[in-house]
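Step one of this worksheet: look at the structure below.
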């Protein structure tokens, strides 16, 4: 279980008040984060992944504080919208880097990489380079790497924004399965309310550096009385 | 929780070393007042009309030279960028690296062969003065600027070209919306580099300048340190030159815009109108002729010289070995130092601290304008009382040459490294891809081309160096550049032209070796 | 791999042994100018000849020119490795004397071929020459016959000269004109400057430009044509004889005060005045040897012009006035 407790952060030199986050994610759950640009969604992911250091507060994974850990030692995997893969390395190597950055793989690890690529339907393509793949396939490779890394927290930063609706739905379904199979916790940032509907039972609405609402996804998207939410969704 | 940026440490060490290597000798020189025969310098020269005249001439000729070199270079680089496929394109680009390594004396002779009284395009006596200075400086710097600007076109993403095509942009609009924004990242830095090269130019100005009217600050420094033996004054003038350059840098770099577009490697053909190709080819031809004429006059002279006699001399081969050793060592050192500086400045840029990032780049580049004569003499003062300087000639010569090469490394490697950092740094962190692994799997494959160009430039520059090596004397074998000078000094002008050809070919070879060896095949 | 290692080991051993050998024989360090040490200069022959008689090693350190040598010695002071400085000239000896870094050579001076008498306890001349304007006879039929004519004839030939701030001949011409014109030197320079094509950094640049045909005459030495006659069998070049006489340059060597092997150093100075050394000079340094009788010179030297009377300003006067004179020159030439 991921607990974000009174996490405060303020950009150096910014005049806006400090951001403040409280949020819990249960094992196997994907929580979607929606909200206007600049509201703090990416900041929250940055704090969890360690690219940003909080001014105060805690991030607990299964009760253990992780907010002071260095980026590489955090139990976190991230999928960005782009540049998840190194263009000059083949798929196998791109995934294998997730297991061991020095690429000295044991036989066991080699088969793990192969299995992950198979799980995502990429086994025929492992010698290819990312440039030869479609956008959806590239993100699948990134997910294969998430799989081999076996980290508990998965952050998806508009990971599927560039893909078509059907492909998006398919990949989000895949993420859901991966997360629940492996009892991971996931945060998914998206601008598509439909993504949240597919991915999450619960969705958080982030606004002005706060979790302004955290509710059942359907309830939040369709029945919220908060003017900010309705404004964001264009249903005001 | 504030963590020290791990890139700050090696960069800090490099900066500290650079600072030490520059400032300690200056301090050492100022401290010389106890020397026999030394009279405390009259430092009120600030009021002298001589210095004021020298100052304004230095700036004026450097300014004009920069304009005359860089503006045409933009057109030529654009022509090269748009015409991706024509015979000898690669060879021409490599040819464009050559003028930089020609020792100034030899280049002056080449320029005179072409534009002198008996030349192919005679200017007559009007060559000597600003005309000659500009002709020679453009010969040196236009090709360099072309080489440094060309990668900016490659940084324009393929889909931007397609977008422009789809929107039916005219050539001018494409320039305005696609090319100029990409160029703006590199242009100020390149202009600053060319400005520094011209400001500190010495033999060209003295020989083609026509007389002491055309005295630059660099000459005044040389005079103070050598003929007047007034180190304090030389130091003050050197600092003046440094401050001037920093002012110019401040203004120039304000114009710099870091690109918001992202770089993708492209190789497709460029959309172009009917006239574009003939126009571009004409530009390339004109630039090639301009650069090629003095070079071919050297070639013709050399083939008239005692080729066999020189090539069969053991002495020549020894000096080739020494030249290679100095060139390659300086390149290695310079590339390593520049690498650490750029890593740090890239991480600062990613964190939004662009001003600090620029400062780091600037600090690495600006050392170029402290004359090697001053650094070298100062180092000498510091070292000679502690160690036997004879054993230190090569380390010192290599170090100073490496320092002088830093601005080239920063120009060549900077944009690509920054881009790479911005794109993959977070991913690398999250994958724990660090240090050697990060270098091996990410940086080397993606950065080897600019790395190769940087190393090649520094090596070639160090191989053609005369200023530093001449200063320390040559206990044993002379480098090729020095041999050329010795031959010129011994009436052996035909021999010197042959040696100059050998140096040119050697530089071409090293360039090819480093650019290909480090950079890989062009299509890789 | 094995082979490589073995090869490396052998090299290392050779290197160590060569150091050991070096340590055993004394090494005499001579600072000189670069062109002296080059393959074509006197250096290699002098080294062989001296090492054959001294059972020592002779090590030349080639610096840019006389000024650099003296500056280097001043910078190093008593830490210098130099035992002898070879290649200062008479415009520097006064300054070198006041530095206090030289010791008496202690030699009795005998027969000189050098015009005039040489009296100096610190410095010994080894060769000398005269500045002159060299021209191509095919191009310039009637060269000026005096310095005054060169300066004052407005239709006169175009010339290439060197900068007195950076070059020895450049300074030589400055002194030459000072010697002839005295206080009117600045006016003379103003007239002459009309016909100066360019003022180069050093001798090499100016001479190179001259050979490329950039001007009618170049400031060089009376002995320059000897090079073309002997080495290139080309007798087109000649030096113009000026009736006022030619300014003289005398190159000298001195014994460094802090040297730890003065015995050896004095031996070298003695060798410098011996026939073995002196006969090397004419066709490598292209100057007149200081001791050798004129009939021992190569025959071609007899085709050269007679530079007499030789002109020379007092070295102490030069030392005290040089800076002011150069400033005056700068002022005129920058107009």
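The values are calculated or read from the model by the stated rules, or taken from the named source; none is laboratory data. None of these values were measured; they are calculated from a predicted model. Every residue, glycine among them, receives a Cβ derived from its backbone with ideal geometry; neighbour counts consider all protein chains shown.
Data for the structure
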read-out: Long-range neighbours under 8 Å by Cβ, at least six apart or interchain, first residue without any contact (Cβ under 8 Å) to a residue 24 or more places away in the chain within the stretch A:14-25, second surrounded by 15 or more Cβ atoms within 10 Å (Cβ to Cβ) and in a strand (DSSP E or B); value: A:24/A:2; A:24/A:3; A:24/A:4
read-out: The listed residue being part of a helix (DSSP H, G or I) and out of contact with any helix residue (DSSP H, G or I) (no Cβ under 6 Å at 6 or more places or on another chain), out of B:147, B:174; value: B:147
read-out: So residue A:28, is it surrounded by fewer than 21 Cβ atoms within 10 Å (Cβ to Cβ), in a loop (DSSP other than H, G, I, E, B) and modelled with pLDDT of 90 or more; value: yes
read-out: Residue within the stretch B:154-168 that is under 15 Å from the mean Cα position of the chain (by Cα) and touching a residue at least 60 places away in the same chain (Cβ under 8 Å) present; value: no
read-out: Only listed residue being more than 30 Å from residue A:87 (Cα to Cα), crowded, with 19+ Cβ neighbours inside 10 Å and modelled with pLDDT under 90, chosen from A:226, A:221, A:120; value: A:221
read-out: Restricting the stretch A:94-111 to residues that are within 7 Å of another protein chain (Cβ to nearest Cβ) and touching a residue at least 24 places away in the same chain (Cβ under 8 Å), the residue that is surrounded by the fewest Cβ atoms within 10 Å (Cβ to Cβ); value: A:98
read-out: Filter result for residue A:74 (closer than 27 Å to residue A:137 by Cα and in contact with a strand residue (DSSP E or B) (Cβ under 9 Å, 6 or more places away or on another chain)); value: yes
read-out: Unmet requirement for residue A:92, which otherwise passes all of (1) at pLDDT 90 or above; (2) not assigned by TED's automatic domain parsing to the domain that holds residue A:129; value: (2)
read-out: Every residue from the stretch B:114-126 that is farther than 17 Å from residue B:288 by Cα and assigned to a helix (DSSP H, G or I); value: B:124, B:125, B:126
read-out: Enumerated helices (runs of 4 or more DSSP H) restricted to the stretch C:29-89, each holding at least 2 residues that are touching a residue at least 60 places away in the same chain (Cβ under 8 Å), more than 10 Å from chain B (Cβ to nearest Cβ) and surrounded by fewer than 23 Cβ atoms within 10 Å (Cβ to Cβ); value: C:43-54
read-out: Wholly within the stretch C:247-335, helices (runs of 4 or more DSSP H) carrying at least 1 residues that are closer than 17 Å to residue C:125 by Cβ, in the same structural domain as residue C:170 (by TED's automatic domain parsing) and touching a residue at least 24 places away in the same chain (Cβ under 8 Å); value: C:315-333
read-out: Residue identified as away from chain B (no Cβ under 14 Å) and buried (at least 19 other Cβ atoms within 10 Å of the Cβ) among C:317, C:311; value: C:311
read-out: Subset of the stretch A:73-93 [touching a residue at least 40 places away in the same chain (Cβ under 8 Å), more than 18 Å from residue A:131 (Cα to Cα) and within 9 Å of chain B (Cβ to nearest Cβ)]; value: A:74, A:76, A:77, A:78
read-out: Residue list for the stretch C:206-223, restricted to those being touching a strand residue (DSSP E or B) at 6+ places or on another chain (Cβ under 8 Å), crowded, with 23+ Cβ neighbours inside 10 Å and within 29 Å of residue B:204 (Cβ to Cβ); value: C:206, C:207, C:209, C:210, C:214, C:215, C:217, C:218, C:219, C:220, C:221
read-out: Residue match in the stretch B:200-219 (condition: within 30 Å of residue B:446 (Cα to Cα), within 14 Å of another protein chain (Cβ to nearest Cβ) and in a helix (DSSP H, G or I)); value: no
